[in-house]
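Visitor: Before I ask anything, here is the structure I am working with.
The values are calculated or read from the model by the stated rules, or taken from the named source; none is laboratory data. None of these values were measured; they are calculated from a predicted model. A quick note on method: Cβ atoms are made from the backbone with ideal geometry, for glycine too, and the neighbour counts reach across all protein chains shown. Remember, those area values only see protein heavy atoms, side chains included, never the ligands or the DNA or RNA. Shrake-Rupley method; radii C 1.70, N 1.55, O 1.52, S 1.80 Å.
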Amino acid sequence: MTRLKTLLTSAALFAALGVTGAMAEVTVLGWPGGPEEAGLRKAADAYNATAADADKVKLIFFNRDGFFDKLAADLAAGSTDFDVNLLATYALGRYAPFMDPITLPDASKATFPEKVLATMQYDGKQYGIPTDLSLHFMYYRTDLIEKLLSDADWKAKYGEISEKYLGKKLEPKDPDAWTWEDWMATALFFTKSINSDSPTRYGTVLQMKNLLFNMMVWHSVARAQGGDWMNDKGEIVVDSPAYRTALEIYKKLYDAGTSPKDSTTYEFAESNAAFGAGQVATMVQWNAAFGDLDNKEKTPAVAGKIGTVAPPTGPAGRFTHIHGLGLGINKASKNKEGAVRFLNWLGTPDAMEIYAKAGGSPALSDAVVAKVSAERPDLVKLGQFAGAYGFVMHGGTAAKALQVYELQAKEFTAYWAGDKSLDEALAATKAGMADLLKP
Amino acid sequence: MPRTSRFEGRLLIAPLTVFLIALLGFPLVLDIIYSISRVGFENIRAPEPIGFSNYAKAIADPEFWAAAWFSLRFGLIVSVIQVVAGLGLAVFLAPLFAKRPWLIALLMLPMMVAPALVGLMYRLILHEFVGAVPYYLLEWYGDFPAFLGRDWAFTTLVVVETLQWTPFALLILHSSYAAISPDVREAAALDGARGRRLFFNIDLPLMMPAIGITFFIRFIDSFRVFDNLYTLVGPGAGGSTTSMSIYIYQAFFKVGDIGLAVAASMLLLVASFVVLWLINGLTARKAPL
């Protein structure tokens, strides 16, 4: 009996110690299964090497599938299983009620450009440290564009095609100086069914699947025309002439055959496969695609022949959609002090250097990115483009922003596929958005 | 019935009753509560009762009816094709199966693949730049249809579903065909029945219950199509390939309107019960006089 009592007492003590230990740790819920996880693991190891026991970081990961819904349910239920959790720009409004705003340390203001910090802001408050950024590049085949810019026959044909399809005679330009019209003309020129001399089957590949992420890609076109979700008064303005023009650009290109017939089922992977096969001359695509496309083993047809610039200019300027992943503090956390200390460290140039070298994709200020540019040259453009051209639609961080993307994806793909007129699609979108974004 | 026997009977049936209450009763009650509540992921533990407005919203939603029509049309078409093809194969291949029964196992292989993987597989096979089918069509004919595009998506889905699940129909109908007593056929032959007449007047009537059951199972399975459809084309441009399962999934996970999703699933439950009851009534074997 005495032995049993000793055993039970020891077990209770161990359990108590375990609980105390767990409470002292900072538990971080990260984005699983990709370079973000690899980056976070390295950063956490570096932090734990010098952190006090009570501040040491423990990482946990869900499955990616349904991540944001599970996270929303956990946050709403007041879960204390994690102190720091993942955030995404397009879900900020959904999580903000269940998170604590943070005060940015001075170091983080030197680490990230202002527009990048803004990807973690909602209602004027900062909710997280931006760890990864996604934006769009205009990808193009350097070998084809070089010939287009130098070959007199190609230039003449380019002028003929642009006049026939766009109503004005255009001349080939360097991609960094493209307007969206120049891009359209280039896409038409490199389409075999339009120009039998084209070395590629298609001039571009449009991601037109009914999928919210495809709307983000298209938004770079819309914003350059001057399109936005809402105006300053909070009114829905998706039926603006700018939005119409951007939708018509895709429709015109798709109907002209510049993009594969199955484009209405294309997303990130299918578009990369098309471009990687060497049968597409240009595409607007996520920055994350560059690594694989420029890999000689994965895509030998195009590796080493890919140029990337920011998306073309429109009447309202040059823009790229940006959204970030970041880490913020769970309102129900039991160790907020420890969580703040970890986030303050994570926002420093040293922490981001470790994170970037381990695979993460932070958009960093020029001074900080210079330290990692040799190993991660892609991050140079990421930071530059985000700072110069990045935008978030007005309302793009609202609590129901994801539903707005879903709604636009459904309605706009209906228009592109020919199931709805532009007026019908825009009217349905406007009505749905008014309902979703009402205060 | 003696009291002890009644007690024993109740005791024996208790585990099954508890099992059914736990696995079917509890989710059903929860579903009923959610279907009459305003509930999303944020208040999933504290739904706010709102009466029957979720049901009204679902019924008034044209997309709900479009999804129901898609599922019904898809379920009926593929079930009919699978039963006809399965029946044809079962009859024409019967002599071959009698000599080489291992061939049946070979034909069953498509059923072993998870439907989601089948969807992914065809997405690759039909992709213009990595798929074999567009490649050879382009080589031979200089063009190919957009298999997953708006005009072809439904046909492609029907073909994919048929290729995967016709073996199921074949299996059941082959068993049914093989179970017909040779004596019956012999007697019919003595009366002069041959070929088509033997098939339509003897074999087919005897196989009708099996045909009905096969159709019944395939219809249920095809009506609730989700996995292969979702991985192959998703909800489609403008929601053109949204089945009932996808409608419910999207309302639940994408839109976060759990009340609407559950109300739609409850409506589907009721409709399914009525339809299946009718089909069951039509296909049930009549009791002998």
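Visitor: How many residues does region A:303-315 hold that are at pLDDT below 95 and crowded, with 22+ Cβ neighbours inside 10 Å?
Guide: Going through region A:303-315 one residue at a time, the tally reaches 0.
Visitor: With a cut-off of at least 1 residues that are open to solvent by 40 Å² or more (accessible area, probe 1.4 Å) and within 14 Å of chain B (Cβ to nearest Cβ), name the strands (runs of 3 or more DSSP E) lying wholly within region A:55-146. So that I can check it myself, show each step before the final result.
Guide: Details: elements: A:57-61, A:84-88, A:129-134, A:136-141.
Output list is empty.
Visitor: May I pose another question? Is there any pair linking a residue in region A:279-295 that is free of Cβ contacts under 8 Å to residues at least 12 places away in the same chain to one that is of a type in the set (Gly, Ala, Ser) and assigned to a loop (DSSP other than H, G, I, E, B), with Cβ under 9 Å and at least six apart or on different chains, and which?
Guide: Cβ pairs passing all conditions: A:Asn295/A:Ala303.
Visitor: A further question on this structure: If the requirement is being part of a loop (DSSP other than H, G, I, E, B) and within 13 Å of chain B (Cβ to nearest Cβ), which of these qualifies: A:Ser259, A:Ser263?
Guide: A:Ser259 is the lone residue from the list that is part of a loop (DSSP other than H, G, I, E, B) and within 13 Å of chain B (Cβ to nearest Cβ).
Visitor: Shifting gears a bit: Kindly evaluate A:Val280 against the criterion of being closer than 22 Å to A:Arg201 by Cβ, over 21 Å from the mean Cα position of the chain (by Cα), assigned by TED's automatic domain parsing to the domain that holds A:Gln408 and crowded, with 19+ Cβ neighbours inside 10 Å.
Guide: Details: closer than 22 Å to A:Arg201 by Cβ: yes; over 21 Å from the mean Cα position of the chain (by Cα): yes; assigned by TED's automatic domain parsing to the domain that holds A:Gln408: yes; crowded, with 19+ Cβ neighbours inside 10 Å: yes.
It is true that A:Val280 is closer than 22 Å to A:Arg201 by Cβ, over 21 Å from the mean Cα position of the chain (by Cα), assigned by TED's automatic domain parsing to the domain that holds A:Gln408 and crowded, with 19+ Cβ neighbours inside 10 Å.
Visitor: Say we look at region A:316-329 and pick out the residues that are farther than 30 Å from A:Ile60 by Cα and open to solvent by 10 Å² or more (accessible area, probe 1.4 Å); which of these is nearest to the chain's Cα centre (by Cα)?
Guide: Filtering region A:316-329 for residues that are farther than 30 Å from A:Ile60 by Cα and open to solvent by 10 Å² or more (accessible area, probe 1.4 Å), the one nearest to the chain's Cα centre (by Cα) comes out as A:Phe319.
Visitor: Please state which of the following conditions A:Ala332 fails to meet, knowing it meets all the rest: (1) of a type outside the set (Lys, Arg); (2) farther than 18 Å from A:Leu379 by Cα; (3) open to solvent by less than 10 Å² (accessible area, probe 1.4 Å).
Guide: Unmet condition: (3).
Visitor: I need a count of the residues in region B:50-61 that are open to solvent by 30 Å² or more (accessible area, probe 1.4 Å) and in contact with a Lys or Arg (Cβ under 9 Å, 6 or more places away or on another chain).
Guide: The number of residues fulfilling the criteria is 2.
Visitor: Still on this structure, please answer the following. Between A:Ala16, A:Ala43, A:Ala11, A:Ala49, which is out of contact with any strand residue (DSSP E or B) (no Cβ under 7 Å at 6 or more places or on another chain), modelled with pLDDT of 90 or more, part of a helix (DSSP H, G or I) and surrounded by fewer than 12 Cβ atoms within 10 Å (Cβ to Cβ)? Let's see the steps before the verdict.
Guide: Working: A:Ala16 fails: modelled with pLDDT of 90 or more; A:Ala43 fails: surrounded by fewer than 12 Cβ atoms within 10 Å (Cβ to Cβ); A:Ala11 fails: modelled with pLDDT of 90 or more.
Sole residue among the options that is out of contact with any strand residue (DSSP E or B) (no Cβ under 7 Å at 6 or more places or on another chain), modelled with pLDDT of 90 or more, part of a helix (DSSP H, G or I) and surrounded by fewer than 12 Cβ atoms within 10 Å (Cβ to Cβ): A:Ala49.
Visitor: Step by step: first the residues of region A:187-240, then only those that are within 14 Å of chain B (Cβ to nearest Cβ) and open to solvent by 40 Å² or more (accessible area, probe 1.4 Å), then the one that is farthest from A:Val404 (Cα to Cα). Which residue is that?
Guide: For region A:187-240, the residue satisfying everything is A:Ser196.
Visitor: Answer yes or no: is there a residue in region B:260-267 that is in contact (Cβ under 8 Å) with a residue 12 or more places away in the chain and within 14 Å of another protein chain (Cβ to nearest Cβ).
Guide: Step one: list which residues in region B:260-267 are in contact (Cβ under 8 Å) with a residue 12 or more places away in the chain, which gives B:260-267.
Remaining after also requiring within 14 Å of another protein chain (Cβ to nearest Cβ): B:260-261.
Within region B:260-267 (the criterion being in contact (Cβ under 8 Å) with a residue 12 or more places away in the chain and within 14 Å of another protein chain (Cβ to nearest Cβ)), the answer is yes, since at least one residue qualifies.
Visitor: Using beta carbons and a limit of 7 Å, which pairs, at least six apart or on different chains, have the first residue in region A:391-410 and under 19 Å from A:Glu424 (Cβ atoms) and within 10 Å of chain B (Cβ to nearest Cβ) and the second one open to solvent by 10 Å² or more (accessible area, probe 1.4 Å) and part of a loop (DSSP other than H, G, I, E, B)?
Guide: A:Glu406/B:Val255; A:Ala409/A:Asn210; A:Ala409/A:Leu211; A:Lys410/A:Asn210
Visitor: Of the residues in region B:149-170, how many are within 18 Å of A:Gly257 (Cα to Cα) and either touching a Cys at 6+ places or on another chain (Cβ under 9 Å) or open to solvent by 10 Å² or more (accessible area, probe 1.4 Å) (or both)?
Guide: Final tally of qualifying residues: 3.
Visitor: Sticking with this one: Of the numbered conditions (1) away from chain A (no Cβ under 11 Å); (2) touching a residue at least 24 places away in the same chain (Cβ under 8 Å), B:Gly256 fails exactly one; give the number of that condition.
Guide: Of (1) away from chain A (no Cβ under 11 Å); (2) touching a residue at least 24 places away in the same chain (Cβ under 8 Å), only one is false for B:Gly256: (1).
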